[in-house]
Every structure is written in C-alpha cells, then in structure tokens.
Amino acid sequence: MKARKLGLLLSSIVLMLLIAACGSGSDQAAEGAAEDNGSEKQTEQKEYKDELNIALTAQPPTLDTALTVSAVALDTAGNIFEQLYTLNANYEPVPALAESVERSEDGLTYTFALRQGVKFHNGKEMTSEDVVASMNRWLVTSSRAKVLLMNAKFEAVDTYTVKLTVEAPTSDVLILIASQAQFPSIMPKEIVESAPADGIKEYIGTGPYKFQEWKQDQYIHLVRNDDYYQVADTEPSGFDGRKEAPTQNLYFHFVTDHSTRIAGVKTGQYDVADSIPIESYDELAADNNINLLSFPGGALTAFFNTSEGLLQDVKIRQAILAAFNNEEIMLASFAKPDLYSLAPGYLNTNQVQWSTEAGAEYYNQSNPEKAKQLLQEAGYNGEEITLLTTKDYNEMYTATLVIQEQLRQIGMNVKVENFDFPTFLETKNDRSKWDIFVASTGYQITPPQLLAVNPDWAGLDNETVKQALIDIRGAATPEAAKQEWEKLQGFLYEFASSTVIGHYNGVVATTKKLEGFELFEAPVVWNAKVAK
C-alpha cells in the first residue's frame, strides 16, 4: 500500500513536472516566437543605404598600388585588388589569393598553390600567368621590392601554381608580399603588359568592389562585385577574413578642406571621415551622432636631403637635428598630448621585437647653441634651404612651419614650399627642389620596410645602410636581428639622414549608424553598411 501510494505520488509529481515543463516550454516557445517575430520585424524595418560615403583628406596620386605609399591610395585600392598573402589582425601573413605556400629547405624557393575559380572583375579566371606577370612587375616597380627582393623571380609551374626564387634566404619574404605599403596587386596579365611607366590606368582586380569612375578632384566610385570569390570564409581579422560587401556603392570623396570634412560627417553627408584634425576632436567627441576611433597611426618623421644641395654636409644636418624641439613640434601638430608620444624608435614602440632607444642622444636635443656651433663649423653663410610640404595633411604642414621657425632661431634662411599632396609626392622625387620634408609615416612591420632606409624615398643611398639591412634579414635569431637593427637606427641618427619627431594616433570619425566598420592599419569598409 505504501509502495502504491508512493508510486502514485511519484507518478503525480512526474506528471506535474511534465505539465509544467510543457507549459514552460510552450511559454518559452511562444516568447521565442514573439522575439523572433519582433526580430524579423526589426530586421524588416531596418533598412540600409545603398551607398557609403568616405571623406579622404587628399586625392590619391594613383591606384597603382605597386607605385605608391600614399595611404589614401592604398586604402581605396584595397577594395579593388587582392594579394597572394595578406595580414591578419596580429600582423601575421596569411593566404589570400594563394591557398598555401611551400618553402624549400634552403629558403630559396617558395611554391604557391593558387585558389581555383577566382575571377577578375572582367570575368576572366585568374591563373598563374596573371600572377607571374603581376608579381614580376611588382618586383621591379615597388621601391621596397627592388631593394629587398633584388633578382627575385616568379615563374609559372602549372595553371594554378607559381614559384618564387629569391637570391638569398631571408625571414621576411611572406611579410613583404603581404604588407600594405606598395602592395602587389594581382591583376590580369594583359593589364600588366600594357601598363605605361606612370602606372596602370585600368583598375581590374579580384576584390569585393569594382572600379566604376574617377571624377577628378571630386571622388572615386566603386561598385559591389556580385561575383566576388570569398578567399577566406572566416571572421574578419585585419585585412583577412570574410568580405561581405553589404553596400552597393562606395564613394571616396577628396575633401582636403578639414572644416568641410568635419561638417560633412556631422550632417551625415559622409559616413566616414579620415585624418581628423585635432582642433576638431572635442567638437566631434561631444556629438552624440559621431563615433571617434583612434589607433597607433605611425611616426611623424623628418627626412633630410643627403644627396643634393646644402644638406649633403653632415654637419649642417646635425645642426638641424640639434635645433629640433620635438615636443614643441608634436604639440603644435597634434594639440593633445594624449594623442602623441616622444621616442626615437622608427617602429611602433609597442612592438617589442624592434623597439629601441638607439640614437637617443641625437633625438629631441632642443639645443640651439650646439646647433649654431655646428653651423659655424660647417661654414654656413645664410644660404636658403627649402622645406617641402602639403596642407592636405594638417600635421605635416603644421610641423613644417614650426621647424621653419626653429631653424630661423638658429640663423638659417628657410622657405616653405606648399603643394597639394600628389604634387608634393612628385616634387619630392626631384631632389634639386627640397632640403627637408616631414611626412606622416605609417608603421611598418620590419625595419627593412621603413621609408627611412629606402633610397627611392628621400635619396638615402648609403652602403652602411644596405649592409645593415642584409645583416638584419639574414640574422640567425630574432635577438640577433634586433641587435643589427639597433646598430642601424643609431647610425641613421648619427648620419642625420632623418629623424622621428614623434609617434601619433590616427583619428577617424564615423556616423553611429555605421555597422561592420573596422580600423586596422587603415579604415576597412568592405563589410560596412549604414542604416537609413
């Protein structure tokens, strides 16, 4: 009896639990359905614009990526073109148009397996002949590749396999191929073969967006590539990962006037505005409709003309270094101490592998008396020197004016020549027309990639530098490589070919309606969309 009652009691409890569970489940299901319906309604209700408007601080000089270090050019072209390898958020080279790579034991050969079925924007399938043509052109047109991969060569093994042969084993081949500055775009062979010396004019890649129109002095218009081949179906990470292209049209507007760019992002005319001048920082930070994003942007660097003119004399250059008050220059250029820091290292100070204080005795000396003494020893007699700059980058222009004043204080005769950004770059290449220029130089991953050691950038053609780069790349261990880099950085300061002025954070403003936007080394917009 007791057993029966116990059985009935247990049966009742089980039944009640089942009913409760069913009820609960029904309720949850009902709630879930309600939520789903709500979500669907929200999804249905939320509509997105069919265009994204990005305000750039300057017009790109070209979209031929192998020829330029211009950030606005590379940021725009990165939506059109892709590389064999790219960088993820950890700055690691990862496969993109290449599926994999095999490195030979002697380190002299890299065999890349290409992805099959990738199509260019003109409908043609990418094969090894396109990759070989593109990569071999990059080897002879990119100033970095010419120096760092001298005598390297790509060859086709079969339709979907290419082989790279290098002159000497080094540790940075994939990093060079994956890096953004002067990156090697893969494009159709016939475009490569018909390219004029000043760069390609047909922008046909494999990326998520296709080139549509370049309205001179106004904008570049890209349209979604509906046949895009996902080279990586993973979460977005740096330049790696899924590229969904949710927005039909991308417009990259050239808005050199800073107040116009600021007003545009506030009114919604622009969804993204780059290179936010610091004087507008507080104004935008107080705007509830704006997000301000900052990232380690790079180093503001002064380059001296070591190959022509008065600054061929190392004592003149050392005098100028002695005169520099870097704190004064950075404060004038970036206004907020939170947005910059002082350190002599050419690479990201957070990058432990390469961070060094070598050459610190020549950095931020702010010693006008020493500068005057060096000028006297050099026999300086009031000859005019030229500072080259562009107002398109506010910090470069402001820094130049401060340097002009500091050099006047030590008795130098200094004039400033100002051009729009493309003309600035063109003039820079004629070393008879300038003595010093200041540039915002984005961070590089390894020392050999620095513009400060690239002879094509500011004319530094020095055997000590060349040998040091060989020693860094051929070092047996990371520690040995860092020791070689410390020697080289110390030499750059002693030789006074350039100087880091300070390190800055880049600031980008976006509308709060923007979704899917990422800031890595550059604004990444291929997954971005804006709610109406």
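The values are calculated or read from the model by the stated rules, or taken from the named source; none is laboratory data. What you see is a predicted model, and the numbers here were worked out from it, not measured in a lab. Using ideal geometry, Cβ is built from the backbone for each residue, glycine included, and neighbour counts are taken over all protein chains shown. These accessible areas exclude ligands, DNA and RNA; they are computed on the full protein's heavy atoms, side chains included. Shrake-Rupley method; radii C 1.70, N 1.55, O 1.52, S 1.80 Å.
I'd like to verify a number: residues in the range 202-225 that are open to solvent by less than 40 Å² (accessible area, probe 1.4 Å) and touching a residue at least 40 places away in the same chain (Cβ under 8 Å), how many?
Here is the first cut: in the range 202-225, the residues open to solvent by less than 40 Å² (accessible area, probe 1.4 Å) are 203-209, 220-223, 225.
Pick out the ones that are also touching a residue at least 40 places away in the same chain (Cβ under 8 Å) and you get 203-209, 220, 222, 225.
Qualifying residue count, the range 202-225: 10.
Would it be correct to say that Leu300 is in contact with a Phe, Trp or Tyr (Cβ under 9 Å, 6 or more places away or on another chain) and buried (at least 23 other Cβ atoms within 10 Å of the Cβ)?
Details: in contact with a Phe, Trp or Tyr (Cβ under 9 Å, 6 or more places away or on another chain): yes; buried (at least 23 other Cβ atoms within 10 Å of the Cβ): yes.
Yes; evaluated as a whole, the condition is true for this residue.
List the residue pairs whose Cβ atoms are under 6 Å apart, where the first residue sits in the range 459-485 and is farther than 12 Å from Asp172 by Cα and in contact (Cβ under 8 Å) with a residue 60 or more places away in the chain, the second is assigned to a loop (DSSP other than H, G, I, E, B) and of a type in the set (Ser, Thr, Tyr), and the two are 6 or more positions apart or on different chains.
Partner pairs satisfying both residue conditions: Gly459/Ser307; Leu460/Thr306; Leu460/Ser497.
Just to be sure before I move on: is Gly199 at positive phi, open to solvent by less than 10 Å² (accessible area, probe 1.4 Å) and assigned to a loop (DSSP other than H, G, I, E, B) in the structure I sent? First the steps, then the outcome.
Details: at positive phi: yes; open to solvent by less than 10 Å² (accessible area, probe 1.4 Å): yes; assigned to a loop (DSSP other than H, G, I, E, B): yes.
Taking the combined requirement at face value, the residue satisfies it.
Looking only at the range 476-496, count every residue that is modelled with pLDDT of 95 or more, touching a helix residue (DSSP H, G or I) at 6+ places or on another chain (Cβ under 7 Å) and of a type outside the set (Lys, Arg) and tell me the total.
9
All but one of (1) surrounded by 18 or more Cβ atoms within 10 Å (Cβ to Cβ); (2) free of Cβ contacts under 8 Å to residues at least 60 places away in the same chain; (3) under 26 Å from Val507 (Cα atoms); (4) of a type in the set (Ser, Thr, Tyr) hold for Tyr228; which doesn't?
Here Tyr228 clears every test but (3).
May I ask you to list the residues in the range 179-191 that are open to solvent by less than 70 Å² (accessible area, probe 1.4 Å) and in a helix (DSSP H, G or I)? Step through it out loud before you land on a result.
Taking the range 179-191 as the starting set, the residues that turn out to be open to solvent by less than 70 Å² (accessible area, probe 1.4 Å) are 179-189, 191.
Selection gives Lys189, Ile191.
Could you list, in sequence order, the residues of the range 135-145 that are open to solvent by 30 Å² or more (accessible area, probe 1.4 Å) and either of a type in the set (S, T, N, Q) or out of contact with any Pro (no Cβ under 9 Å at 6 or more places or on another chain) (or both)? Reasoning before the result, please.
Taking the range 135-145 as the starting set, the residues that turn out to be open to solvent by 30 Å² or more (accessible area, probe 1.4 Å) are 136-137, 140-141.
Selection gives Asn136, Val140, Thr141.
For the range 350-379, name all the residues that are farther than 29 Å from Gly309 by Cβ and either crowded, with 20+ Cβ neighbours inside 10 Å or hydrophobic (A, V, I, L, M, F, W, C) (or both). Explain how you work it out, then say what you get.
As a first pass, look at the range 350-379 and keep what is farther than 29 Å from Gly309 by Cβ: 350-357.
Of everything in the range 350-379, those that are farther than 29 Å from Gly309 by Cβ and either crowded, with 20+ Cβ neighbours inside 10 Å or hydrophobic (A, V, I, L, M, F, W, C) (or both) turn out to be Val352, Trp354, Thr356.
I'd like to verify a number: residues in the range 385-411 that are among the aliphatic types (A, V, I, L, M), surrounded by 23 or more Cβ atoms within 10 Å (Cβ to Cβ) and not in a helix (DSSP H, G or I), how many?
Number satisfying all stated conditions: 1.
With respect to Glu328, determine if the residue is closer than 23 Å to Gly298 by Cβ, open to solvent by 70 Å² or more (accessible area, probe 1.4 Å) and assigned to a loop (DSSP other than H, G, I, E, B).
Working: closer than 23 Å to Gly298 by Cβ: yes; open to solvent by 70 Å² or more (accessible area, probe 1.4 Å): yes; assigned to a loop (DSSP other than H, G, I, E, B): no.
Spelling it out, it is not the case that Glu328 is closer than 23 Å to Gly298 by Cβ, open to solvent by 70 Å² or more (accessible area, probe 1.4 Å) and assigned to a loop (DSSP other than H, G, I, E, B).
Of all residues in the range 69-84, count the ones that are open to solvent by 10 Å² or more (accessible area, probe 1.4 Å) and either at pLDDT 95 or above or not small (Gly, Ala, Ser) (or both).
Just the residues of the range 69-84 that are open to solvent by 10 Å² or more (accessible area, probe 1.4 Å), to begin with: 69, 71, 75, 78, 83.
Then keep just the ones that are either at pLDDT 95 or above or not small (Gly, Ala, Ser) (or both); that gives 69, 75, 78, 83.
Adding up the residues that qualify gives 4.
If a residue has to be surrounded by fewer than 19 Cβ atoms within 10 Å (Cβ to Cβ), in contact with a Phe, Trp or Tyr (Cβ under 8 Å, 6 or more places away or on another chain) and either of a type in the set (Val, Ile, Thr) or in contact (Cβ under 8 Å) with a residue 24 or more places away in the chain (or both) to count, how many in the range 104-114 make the cut?
Looking only at the range 104-114, we keep the residues that are surrounded by fewer than 19 Cβ atoms within 10 Å (Cβ to Cβ), and these are 104-109, 111, 113.
Add one more test, that the residue is in contact with a Phe, Trp or Tyr (Cβ under 8 Å, 6 or more places away or on another chain), and what stays is 104, 113.
After this cut, where a residue has to be either of a type in the set (Val, Ile, Thr) or in contact (Cβ under 8 Å) with a residue 24 or more places away in the chain (or both) as well, the list is 113.
Qualifying residue count, the range 104-114: 1.
Taking the range 247-269 on its own, how many of its residues are hydroxyl-bearing (Ser, Thr, Tyr), crowded, with 16+ Cβ neighbours inside 10 Å and under 22 Å from Tyr504 (Cβ atoms)?
Here the count works out to 1.
Just to verify a result, which residue in the range 156-178, among those that are over 15 Å from Thr141 (Cβ atoms) and under 22 Å from the mean Cα position of the chain (by Cα), is surrounded by the fewest Cβ atoms within 10 Å (Cβ to Cβ)?
Step one: of the range 156-178, the residues over 15 Å from Thr141 (Cβ atoms) are 156-175, 178.
The next check asks that each one be under 22 Å from the mean Cα position of the chain (by Cα); those that pass are 171-175, 178.
Numbers: Ser171: 16, Asp172: 20, Val173: 21, Leu174: 20, Ile175: 20, Ala178: 26.
Among residues in the range 156-178 that are over 15 Å from Thr141 (Cβ atoms) and under 22 Å from the mean Cα position of the chain (by Cα), the one surrounded by the fewest Cβ atoms within 10 Å (Cβ to Cβ) is Ser171.
Being surrounded by fewer than 21 Cβ atoms within 10 Å (Cβ to Cβ) and under 30 Å from Ile385 (Cα atoms) narrows it down to one of Lys513, Lys482, Lys466, Lys532, so name that one.
Lys466
If a residue must be under 10 Å from Gln182 (Cβ atoms) and of a type in the set (S, T, N, Q), how many such residues does the range 133-155 contain?
Number of matching residues: 3.
Can Ser194 be described as open to solvent by 60 Å² or more (accessible area, probe 1.4 Å) and among the hydroxyl-bearing types (Ser, Thr, Tyr)?
Values: open to solvent by 60 Å² or more (accessible area, probe 1.4 Å): yes; among the hydroxyl-bearing types (Ser, Thr, Tyr): yes.
Yes.
Within the range 427-442, is even one residue among the charged types (D, E, K, R), touching a strand residue (DSSP E or B) at 6+ places or on another chain (Cβ under 8 Å) and at pLDDT below 95?
Restricting attention to the range 427-442, the residues satisfying the condition of being among the charged types (D, E, K, R) are 428, 430-431, 433, 435.
With touching a strand residue (DSSP E or B) at 6+ places or on another chain (Cβ under 8 Å) added as a condition, the list becomes 428, 433, 435.
Imposing the further condition that a residue be at pLDDT below 95 reduces the set to none.
No: zero hits.
Sort out for me the helices (runs of 4 or more DSSP H) sitting completely within the range 433-532 that have 1 or more residues that are in contact with a Gly (Cβ under 7 Å, 6 or more places away or on another chain).
478-495
Where residues in the range 433-445 are polar (S, T, N, Q) and crowded, with 22+ Cβ neighbours inside 10 Å, which of them is nearest to Asn505 (Cα to Cα)? Even if it seems obvious, please write down each step before you answer.
The initial filter retains those residues of the range 433-445 that are polar (S, T, N, Q), namely 440-441, 444.
When the remaining residues are screened for being crowded, with 22+ Cβ neighbours inside 10 Å, the result is 441, 444.
Working: Thr441: 12, Gln444: 15 Å.
Taking the candidates together, the pick is Thr441.
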